[in-house]
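Everything below concerns the one structure shown next.
Since every read-out is calculated from the coordinates, none of them should be taken as a lab result. Here the structure is a predicted model, which means the values were calculated and not measured. In this analysis, Cβ positions are derived from the backbone assuming ideal geometry, glycine residues included, and neighbour counts consider all displayed protein chains.
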Amino acid sequence: MKFFKLLAIAQSSLMKNRARSILTMLGIIIGVGAVIVMRAIGDGAQQDIEDRINSLGTNLLMISSSSNSLGGVRRGAGSARTLFIKDVDIIREQCSLVSAVSGVVGVNGQIIGGGTNWASQVRGVGPEFLVIQNWEIENGIMFTQRDMRARTKVAVLGASVVENMFSGANPIGQTIRIQQTPFKVIGVLEAKGQGSSGQDQDDIVLVPLTSAAYRLRGDSQYVNQIYASSTTVEVMDAAKEEITQTLRQAHKLNDGQDDDFSVRSQSELTEAFTSTVQTMTTFLTIVAAVSLLVGGVGIMNIMLVSVTERTREIGIRVAVGARSIDVLTQFLIEAVVLSVVGGAIGIALAYGVCNITEAKFGMTTIVKSWIIAVSLGVSALIGIVFGLYPAFMASRLDPIDALRHE
């Protein structure tokens with residue numbers, strides 16, 4: 001028989017038992033839908049992380065205090081303060097592949113202003129911090145190197161701080177207190193949204209690095225981190241090596257000594273944040289794919305039942321001239337149609353779930369075209385694999401015995 005005639009016969013047979021056909025497809029629908037949704041959420045989360053890291057600066061290099069050996073004992077990362085304010089100036093002066101550099105000092109403390117208290121992250125940074133972070137001033141100005149030298153008590157506020165402390169009103173010229181020390185507000189940062197780890201980047205107060213170190217922390221030598229920006233993306237690896245060698249010389253480290261700092265590029269930061277997301281996405285996708293196998297087993301069981309119920313029909317078809325290959329092809333087509341239609345419904349369902357997820361929960365979901373193609377292909381493959389045995393059993397029926405079947 002011709003293929004399209006067999007397809008029409010298979011379609012007619014499936015339509016006679018619509019409820020059974022729908023229930024048979026249910027496993028495939030759920031399996032395909034779950035796989036696509038898991039991948040879409042995982043890919044969306046990965047894209048979010050990459051976008052947020054990119055928002056920190058496209059040529060970002062982050063220098064942090066690192067573990068080192070002392071008397072044969074290895075100290076934990078962060079247990080020793082090994083980065084100094086003077087290191088910032090050394091990098092600026094000696095590293096030709098670095099276009100901007102800023103130390104970062106973190107300070108704890110309540111902020112008082114606008115008639116309210118607010119707990120925000122206070123960072124002491126250099127004037128080049130905004131250049132490195134691709135951040136703009138929305139209102140007012142950024143402090144300068146002159147403010148750094150004079151340890152001026154000025155501050156630049158994030159959008160969330162302005163909203164919570166001043167109800168969105170212009171805070172320029174207002175005075176806030178950090179650890180009871182007055183700071184004059186001279187600027188407001190443009191809104192930036194959440195960071196790579198989900199924190200609110202706009203909930204921040206920037207003050208001159210030296211002001212934070214001397215006036216707030218009472219520790220004038222050390223910085224928590226140093227942010228730098230390479231001149232171009234292409235020279236990031238070379239800039240990283242240049243910074244490493246410069247700091248080793250500044251810290252007087254011998255050839256046999258480990259670095260007492262670490263330098264990480266933007267690509268390394270992205271990889272560190274996304275590796276966990278990729279692992280979880282793969283795991284959840286595999287778990288979801290198990291339901292596809294369950295759906296395939298369901299198709300095989302129903303097709304075997306169908307073969308038993310239609311034994312007499314098969315005998316009549318063979319008696320009037322149908323070949324074994326025609327019977328096998330018909331039942332195989334029925335299995336593939338069930339699986340592919342179930343896969344298509346699962347894809348449509350997945351799109352709906354992704355749209356609801358974005359609308360209700362604000363999560364980014366990305367449905368890539370290749371996962372759609374793979375889902376349809378796997379659906380067809382499951383139909384072939386799990387439909388082959390029932391189809392083979394149908395084609396092997398003896399027509400005389402089949403005609404006797406009631």
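Brief remarks on what is shown
- Going from the residue with the fewest nearby Cβ atoms within 10 Å to the one with the most, Leu253, Leu209, Leu216 rank Leu253, Leu216, Leu209.
- Relative contact order (%) - criterion: Cα under 8 Å, at least six apart; region: the range 83-250: 35 percent
- As a proxy for reagent exposure, Glu128, Glu334 were ordered by neighbouring Cβ count within 10 angstrom, fewest first; the result is Glu128, Glu334.
- Neighbour-count ranking [beta-carbon atoms within 10 angstrom, fewest first] of Leu157, Leu349: Leu349, Leu157
- Residue by residue, the range 214-230 carries 3J(HN,Hα) couplings of 8, 8, 9, 8, x, 9, 8, 9, 9, 10, 6, 8, 10, 9, 9, 10, 6 Hz when phi is fed to the Karplus relation 6.51 cos²θ - 1.76 cosθ + 1.60 (θ = phi - 60°); x denotes Gly or Pro.
- Average projection area in nm² (convex hull over Cα atoms of the range 289-372, one quarter of hull surface): 7.5 nm²
- Antiparallel beta bridges, as assigned by DSSP with both residues in the range 83-250, represent about 75 percent of the total such bridges.
- Near the amide H of Ser99, within less than 5 Å, lie the amide hydrogens of Ser229, Ser230, Thr231, all on another chain or at least 5 residues away, with H placed in the peptide plane.
- Across the chain, Cα pairs under 8 Å and at least six residues apart give a relative contact order of 28 percent.
- Ratio of the Cα radius of gyration of the chain to 2.2 N^0.38 Å, where N counts its residues: 1.53
- With contacts taken as Cα pairs under 8 Å and at least 6 residues apart, the range 252-406 reaches a relative contact order of 40 percent.
- Distance histogram in 5 Å bins (all Cα pairs of the range 83-250, percent per bin): 2, 9, 18, 21, 19, 15, 9, 5, 3, 1
- Of the residues Gln257, Asn17, Val340, the one whose Cα sits farthest toward the positive end of the charge dipole of the chain, with +1 on the Cβ of Lys and Arg and -1 on the Cβ of Asp and Glu, is Asn17.
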